[in-house]
Amino acid sequence: MESEEFGQLDGTFEINVIFNVAKRKLRQLIRNWNKAFITKAEQELLQMPEISSFVLEVELPSAKYPILDKKSIGEFTTTAVGGTFDHLHDGHKILLSMALFLTRSRMIIGITGKELLQNKKFAEALEPFSKRQNSVTRFLSLIMSDDQYFEIYQISDVCGPTGYLRDIDGLVISHETISGGEFVNKYRREHGFNELDVTAIKVIGDKDSTAENSWKGKISSTDIRQRELEKIRKYEQYS
């Protein structure tokens, strides 16, 4: 477990759950930790004398993991993924993690620039590009292997780098942006580029989240921005 920066108003902090990490990578990660919480089943596998470790008396339920259209780890030499990545949340992290899972070598990341943020709700609470870029970089540094690397581009149109970088094999998107994936392939086809193999990741939300109800209940940066503004206004009211 890694705690990052504390919230300014409510004392909350971010927790990342790290799994399937090589021991050498784990040794690098724990340099920035002060405590580790380990399940009872793992305590024999993870010996970390460098920091304080606490064994949790819990058992993790067994889970069946979905097959991504029969795709496998390192399926594509180069993948692309894009988004606003504002107030980086679990939905973003799953999208980035699955893109990395499918990446053998190079990962192209497009982060939305100000041109496409004009009509965002609660725009005054949007994080600047530099902060969003840093959040993505920090998260990927936790899970990326030594033989993978990524490049970050600022997006000013729908296609972003997929519209001008030829050597891309796969595109990873969320289910709510499937139409965007279709547009990208249409654009690439018209400009003589290869079409991309598109993998759509389900959004995190309640069981009734669908395209018809605009993915009601999903984890949303919009909701996070709204809550941030409400906290700030409440804080200002009583300060």
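Bear in mind that the values in this text are calculations on the coordinates, not laboratory data. These figures come from a predicted structure and were not determined experimentally. In this analysis, Cβ positions are derived from the backbone assuming ideal geometry, glycine residues included, and neighbour counts consider all displayed protein chains.
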Protection proxy ranking of 94-105, 125-136 - average other beta-carbon atoms within 10 Å, highest first: 94-105, 125-136
Extended-chain gain in nm, criterion 0.36 nm per residue less alpha-carbon gap, ASP157 and LYS71: 28.1 nm
Extension gain from ALA200 to TYR149, taking 0.36 nm per residue of separation minus the Cα-Cα distance: 16.2 nm
SER130/GLN226 FRET efficiency (R0 25 Å; Cβ-Cβ; nearest 0.05): 0.65
Cut-off under 5 Å, modelled amide H: who pairs with GLY82 long-range: GLY110
Square roots of 5 times each gyration tensor eigenvalue, C-alpha, region 76-201, largest first, Å: 21, 19, 12
